[in-house]
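Take a look at the structure below.
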Amino acid sequence: TMHAQPTEAETAVWNQVSAVLEEAHGILAELQSYNGAGQEIREAIQNPNDLQLQEKAWNAVCPLVAKLKRFYEFSLRLENALRSLLEALTSPPYAPMQHLEREQALAKQFAEILHFTLSFDELKMTNPAIQNDFSYYRRTISRNRLNNQQLEAENEVNNEMANRMSLFYAEATPMLKTLSNATTKFVSENKTLPIEDTTDCLSTMACVCRVMLETPEYRCRFTNTDTMLFCMRVMVGVIILYDHVHPVGAFAKTSKIDMKGCIKVLKEQPSNSVEGLLNALR
């Protein structure tokens, strides 16, 4: 890729997204090391009259719920970042392809958001502790409405926040769902903007990724599997967003995304690295 230097007009958006992406690394690292309080919860449930074990489980779960709240709040910032990028990459008078060429810095950020999103969701899917911890937390709070210690904790995650978090973590792919909804909302709120501008921006990115994965002279430049994974995740993310926004979807004959080509590229990769991505497309 050429050096993606932002123009002045892009700089504000670029800075906003940059700050979000900087935080994304920490979020992934925290999610990766999220072990849950399964052991403590089991012991507390098996010995309901042992107050010491109840307290131990509670003290193990609280900091974890604080983490889950951070992840959820981050999803809202990610959503705002995506909105700003969509606005910048679809604004008249340029066509989507011109935008992606002119604003490579933003296109690259868009790709990085999708990469983070699919990485987050892959980790979340394979971690049942998250929902387990959170539902234990909610059960405990509703059981001990009057216990002061619980009330203090509840101030950190009040009931409305807990409901929103609950919906978020109930999703198989919560971050992707957030972005899909944001993209759909962006399209419906920008009635004057032809829907093609948004979908062309997405299909162009999918095409760029597919070509990079298919073409030997590009592929040999991928010195590490991380770049391959990056490309695959971005491609899948863009396809799913396209599918949500486009009236007929990504899988229709008239779709501008070569789905057969995209799936073929995925199937050529080692199965352990693409299984989650193929499932996301299903």
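With 0.36 nm allotted per residue and the present C-alpha distance subtracted, the I45-K264 stretch has 74.1 nm of extension available. Near the amide H of S255, within less than 5 Å, lie no amide hydrogens of residues on another chain or at least 5 residues away, with H placed in the peptide plane.
The slack between E275 and S142, meaning 0.36 nm per residue of separation minus the straight C-alpha distance, is 44.0 nm. Straightening the chain between T126 and S166 buys 12.7 nm, computed as 0.36 nm per residue apart minus the Cα-Cα spacing. A simple spin-label model places pseudo-atoms 7 Å from Cα toward Cβ; at T254 and L28 they are separated by 3.7 nm. The label point for S91 and the one for A19, both projected 7 Å from the Cα toward the Cβ, are 1.8 nm apart.
Bear in mind that the values in this text are calculations on the coordinates, not laboratory data. Quick caveat: nothing in here was measured; it's all calculated off a predicted structure. Positions of Cβ are generated from backbone atoms using ideal geometry, with glycine treated the same way; all protein chains shown enter the neighbour counts.
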